[in-house]
1. Taking segment 259-287, which residues are in contact with a strand residue (DSSP E or B) (Cβ under 6 Å, 6 or more places away or on another chain), open to solvent by 70 Å² or more (accessible area, probe 1.4 Å) and closer than 27 Å to Pro240 by Cβ?
2. Inspect all residues belonging to segment 67-84 and state whether any of them is modelled with pLDDT under 95, more than 13 Å from the chain's Cα centre (by Cα) and open to solvent by less than 10 Å² (accessible area, probe 1.4 Å).
3. I need the full set of residues from segment 210-258 which are crowded, with 18+ Cβ neighbours inside 10 Å and either part of a loop (DSSP other than H, G, I, E, B) or without any contact (Cβ under 8 Å) to a residue 60 or more places away in the chain (or both), in order please.
4. Considering Ile292, Ile256, which residue is farther than 30 Å from Arg93 by Cα and within 25 Å of the chain's Cα centre (by Cα)?
5. Out of Ile206, Ile192, report the one residue that is in contact (Cβ under 8 Å) with a residue 60 or more places away in the chain and open to solvent by less than 70 Å² (accessible area, probe 1.4 Å).
Amino acid sequence: MRLCITVSLLLLLSTAQGQDWNQQWISAPQADSAQQVWFRRTYVLPERAMQATIRIASKGHYVLYVNQYNVSTDVLTPPEAGGIAVMHHDVTRFVRPDTNVIAVWYAPRLPLMPTAKQLSLCFYGNLPDGGRFAYSTDSSWFCRAANVRTTAGGSEAADGRSYIDDWKAPSASILGWQPATQKETGGSDRAIDIAPIHPAKRIAHIYSCRYFDDSGTSIAYRFERPFEGWVRLTLRGMRPGDAVSINGQEYICTGIPDEQACRRFTTAFYDHVMVSGPPSFSRANIMNIEGISIEDYTHRSYLY
């Protein structure tokens with residue numbers, strides 16, 4: 001484990017706005033600009049932390065997990081900052097007195113651009129005996145391609161067969177994972193600290209289908225009203241490898257009962273939804289379809 005910098009320096013830097021960011025960056029080797037990535041690292045603390053914080057910077061979106069708890073509960077975290085967004089997450093309530101798994105699901109922002117700096121994270125805090133700890137992202141982190149790609153058109157393409165249920169759990173196998181590529185500290189990238197009170201996005205409403213038009217292997221759905229957000233589709237009776245399209249969003253089926261297809265890091269405006277599949281596909285394969293409306297709101301807490 002690598003000591004990143006002293007906690008006092010971290011706290012000093014956290015008050016700066018628009019500062020130069022010289023933290024340690026990592027990226028997934030051989031991942032192209034469209035690939036979403038899973039990162040993870042296990043840290044062992046000698047006792048339960050009195051206070052623990054994760055400071056994370058990224059040029060993309062992410063979901064942050066600590067011991068499998070979703071810490072970044074806002075939609076499309078971090079918000080648009082006009083540069084590298086830096087956020088502080090109070091994770092004290094999620095930290096254990098022994099093994100702690102920190103995991104991040106990273107997704108590139110649009111427009112898609114190659115970057116050697118996908119993620120920079122520091123896990124730091126105070127122990128009951130007065131000691132302090134601080135660990136930074138480095139080549140000891142593991143990563144692997146997630147089962148989803150962000151498309152240049154602003155959608156997502158997912159292969160359900162490649163999803164790993166326990167990818168963020170202590171029990172996850174390291175088979176198929178590889179060390180992250182480490183970018184040495186340095187450079188002059190501009191970073192913007194996101195204050196506890198900031199514009200954010202959240203799920204506002206879930207709409208049910210109002211009516212549909214079935215034309216065989218394509219079904220057109222309309223909801224109660226147009227909305228910006230996601231469509232969540234629940235499927236049954238699909239075969240492994242069947243491809244389903246939801247207004248251009250692509251999903252490859254696993255064949256398990258009641259599998260779901262839904263965006264995660266992109267949104268779209270929906271007036272209607274066209275769902276299509278292989279020649280054997282019909283409305284009987286669709287158990288449920290939901291329109292998930294996402295709205296702007298003001299986040300007002302360090303507890304994301």
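The values are calculated or read from the model by the stated rules, or taken from the named source; none is laboratory data. Being a predicted model, the structure only gives us computed values, none of them experimental. A quick note on method: Cβ atoms are made from the backbone with ideal geometry, for glycine too, and the neighbour counts reach across all protein chains shown. Ligands, DNA and RNA are excluded from the accessible area calculation, which covers all protein heavy atoms including side chains. Shrake-Rupley method; radii C 1.70, N 1.55, O 1.52, S 1.80 Å.
1. Once the filter is applied, which keeps residues that are in contact with a strand residue (DSSP E or B) (Cβ under 6 Å, 6 or more places away or on another chain), open to solvent by 70 Å² or more (accessible area, probe 1.4 Å) and closer than 27 Å to Pro240 by Cβ, segment 259-287 yields Gln260, Met274, Arg283, Met287.
2. Scanning segment 67-84 turns up at least one residue that is modelled with pLDDT under 95, more than 13 Å from the chain's Cα centre (by Cα) and open to solvent by less than 10 Å² (accessible area, probe 1.4 Å).
3. Leu233, Leu235, Met238, Asp242, Val244, Ile246, Cys253, Thr254 - these are the residues of segment 210-258 that are crowded, with 18+ Cβ neighbours inside 10 Å and either part of a loop (DSSP other than H, G, I, E, B) or without any contact (Cβ under 8 Å) to a residue 60 or more places away in the chain (or both).
4. Within the list Ile292, Ile256, the selection yields Ile256.
5. Working: Ile206 fails: open to solvent by less than 70 Å² (accessible area, probe 1.4 Å).
After applying the criteria, what remains is Ile192.
Residues checked against (1) under 16 Å from Ala49 (Cβ atoms); (2) in contact with a Phe, Trp or Tyr (Cβ under 9 Å, 6 or more places away or on another chain); (3) modelled with pLDDT of 95 or more:
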site	(1), (2), (3)
Tyr106	no, yes, yes
Leu112	no, no, no
Ala116	no, yes, no
Cys122	yes, yes, yes
Ala134	yes, yes, yes
